[in-house]
């Protein structure tokens, strides 16, 4: 190899080094990669010192909102050194023409993405301040507002990034209009459920956590109200997803909004109970119910203890009263104590509870029928008949 060939090879290496990738100096590429690597290192230091410092500042305040905001902005804040590192790397490359324009649009897109990402993450902690206005906005309405705002931020962010790359969003939306009409015709149930959900939230028929019963559909506890369906968990813990249209069209009973809880019993006493015994039993039960703090007073709600009917096998007392608590477990305990008290009152007054039975009276016996005394009967001769074959 002569000197001229060696010089040509060296010149070729230098040329490749200087214009190795799309006319960009390899040394600039290496330097840009080094800057990117340093940006990841700075990201760790930034996270350790700056974000921790912001968290310490937020803890000193009495409000929890700033704590929630700093926690929500953790991701976007950590991404700032990366965005800055990419910007510095593209500046070091000294790009020209289309590459320069592409790098500029890339940097704008990353900055736009980070801004809208931060806005998206801030919606949830800021919604906690809105939840305090429960007299104006229900919990379900706040959840819907949060979902709608998140969707709006995502849409605006995508539109801003597309505009950065020269893609106009307005004509794109207009072009999708005919497609949207076709979709709407095939998604009538979806829009019907969406509108029904808005009515449910606006009328505040129920909230998450309420015990509800939808006629001929389901009974259980409301867990969430979605755009299309409401999730109700039955008492056997099975989730049921009910379309919102069924909730708006059917009658809904909200047990959680009861002011009191009712007890309605028929107390069957034997026919041997005397009038005085009936009066005493009735009055003592009424005194117990009206004088017990577990029950609402007769001035607040309808309260009755009365002889109601002469049944086939019993004289029936009707007990109609309301407990102050609406909690199911507490209600059951109050009912249990009431049952013990009623049994005690009935037994102390010398009566007893009736059960379904039938009495058969024979006016005459067939000729030749054998008779025998009923065991334990020492009174007047009563007999059962046995027909001879």
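No lab work stands behind these numbers, since they all come straight from the coordinates. Just so you know, these numbers come straight off a predicted model, no measurement behind them. So basically every Cβ, Gly included, is an ideal-geometry build from the backbone, and we count neighbours across all protein chains shown.
Express in nm, to one decimal, how much length is gained between residue 215 and residue 326 on full extension, taking 0.36 nm for each residue of separation and deducting their alpha carbon distance.
37.9 nm
Set the Förster radius R0 to 30 Å, insert the Cβ-Cβ distance between residue 67 and residue 155 as r into 1/(1 + (r/R0)^6), and round the FRET efficiency to 0.05.
Efficiency, from the Cβ-Cβ distance: 0.55.
At a Förster distance of 51 Å, what's the computed FRET efficiency of residue 194 paired with residue 343, Cβ-Cβ distance as r, to 0.05?
0.40
What distance in nm separates the simple spin-label points at residue 30 and residue 147, each placed 7 Å from Cα in the Cβ direction?
5.5 nm
Would you mind ranking 161, 285 by Cβ crowding within 10 Å, fewest neighbours first?
Least to most surrounded, the residues fall as 161, 285.
Using Cβ counts within 10 Å as a stand-in for footprinting exposure, how do 281, 345 rank, fewest first?
345, 281
Taking every pair of alpha-carbon atoms in region 202-356, what share in percent sits in each 5 Å bin, from 0 to the bin with the longest distance?
Once binned at 5 Å, the Cα pair distances of region 202-356 give 2, 8, 15, 16, 12, 11, 10, 9, 8, 5, 3, 1, 0.
Please work out the C-alpha center-to-center distance from region 50-126 to region 254-303 and express it in whole Å.
Rounded to whole Å, the Cα centres lie 68 Å apart.
Between residue 224 and residue 91, what is the spin-label point distance in nm, taking each point 7 Å from the Cα along the Cα→C-beta axis?
Inter-label distance under the simple model: 4.4 nm.
Zone of residue 260 (label point 7 Å along Cα→Cβ, backbone N under 19 Å): which residues in region 290-315?
290-307
May I ask you to sort 40, 116 by Cβ crowding, counting other Cβ atoms within 10 Å and putting the fewest first?
40, 116
Label-point separation (nm) for residue 233 and residue 45, each offset 7 Å from Cα along Cα-to-Cβ?
Computed distance between label sites residue 233 and residue 45 equals 4.8 nm.
Expressed in nm to one decimal, what extension gain is obtained for the pair residue 60 and residue 306 from 0.36 nm per residue of sequence separation less their Cα-Cα distance?
Between residue 60 and residue 306, full extension yields an extra 82.1 nm.
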